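Here the structure comes first, spelled out in structure tokens, and everything after it is commentary.
The values are calculated or read from the model by the stated rules, or taken from the named source; none is laboratory data. Nothing here was measured: the structure is a model prediction, and the numbers come from that model. Quick reminder, even Gly has a Cβ in these numbers, built from the backbone with ideal geometry, and neighbours come from all protein chains shown. For accessibility, only protein heavy atoms count, side chains too; no ligands or nucleic acids. Shrake-Rupley method; radii C 1.70, N 1.55, O 1.52, S 1.80 Å.
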Amino acid sequence: MLPARLVLIADGFTDEERREQAVAAVRGGVQWIHLRDHDASRDAFEEAARALLPRLREESDTVHVSINSRLDPAIDLDTSLHVGRRGPSISQARAYLSQEAFIGYSAHEEVEARGELASQVDYFFFSPVYPTSSKPDHPGMGLSALRAFCNTARPTPVLALGGITPERIADCREAGAYGVAVLSGIMEAEAPLAATRAYCRALAPA
């Protein structure tokens, strides 16, 4: 079972203000923080991660942390790892990370859920489901594409990503998503604590 049904993608977390957004999100109930910063140097990434992890764990001693694409910090900090078409292979990640680590994969097409990949990873991000500011030229794959991907990937759990608002969570879950991954809905929110709680309420069992 995955650590949580709500993942916060803390993109750009090497910036101090964005780290504060992540801390507020854990305070509001997020139990899975995904650290991503494509532009940061290796040293800046690891330094920021080392500074952030204790603060997250002060808010919740059960918070789960994953790192996007960067194997060395994941090894050094004993976190989970998320990969995609670029970066370390799944076999590399399995060889170096602890047995407790989760390994995820970023997918954008149903074909990626076929074959061996679905049996090699612990979960998928599937994106973008809806139009999103992080991919302004992409119209979004839509719920039918999400449903097809979830059916093909089963039993590997899928987290829907891209334009996810609290109001859209029920539709994503109905389409087969295990949960959702959120970026701008919390990281760009003026009131991240309130925004986080809205997502948590939408994911709460009926």
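Filter region 15-52 for residues that are in a loop (DSSP other than H, G, I, E, B) and surrounded by 22 or more Cβ atoms within 10 Å (Cβ to Cβ) and give the result. Once the filter is applied, which keeps residues that are in a loop (DSSP other than H, G, I, E, B) and surrounded by 22 or more Cβ atoms within 10 Å (Cβ to Cβ), region 15-52 yields only V30.
Residue-level check: of (1) of a type in the set (G, A, S); (2) under 16 Å from I186 (Cα atoms); (3) in contact with a helix residue (DSSP H, G or I) (Cβ under 6 Å, 6 or more places away or on another chain), S60 misses just (2). For the residues R70, R114, the requirement of being surrounded by fewer than 18 Cβ atoms within 10 Å (Cβ to Cβ) and without any contact (Cβ under 8 Å) to a residue 40 or more places away in the chain singles out R114.
If you take the residues in region 173-200 that are charged (D, E, K, R) and more than 13 Å from V30 (Cβ to Cβ), which one is least open to solvent (accessible area, probe 1.4 Å)? In this case the residue turns out to be R173.
How many of the residues in region 73-83 are buried (at least 18 other Cβ atoms within 10 Å of the Cβ), out of contact with any His (no Cβ under 8 Å at 6 or more places or on another chain) and of a type outside the set (G, A, S)? Adding up the residues that qualify gives 4.
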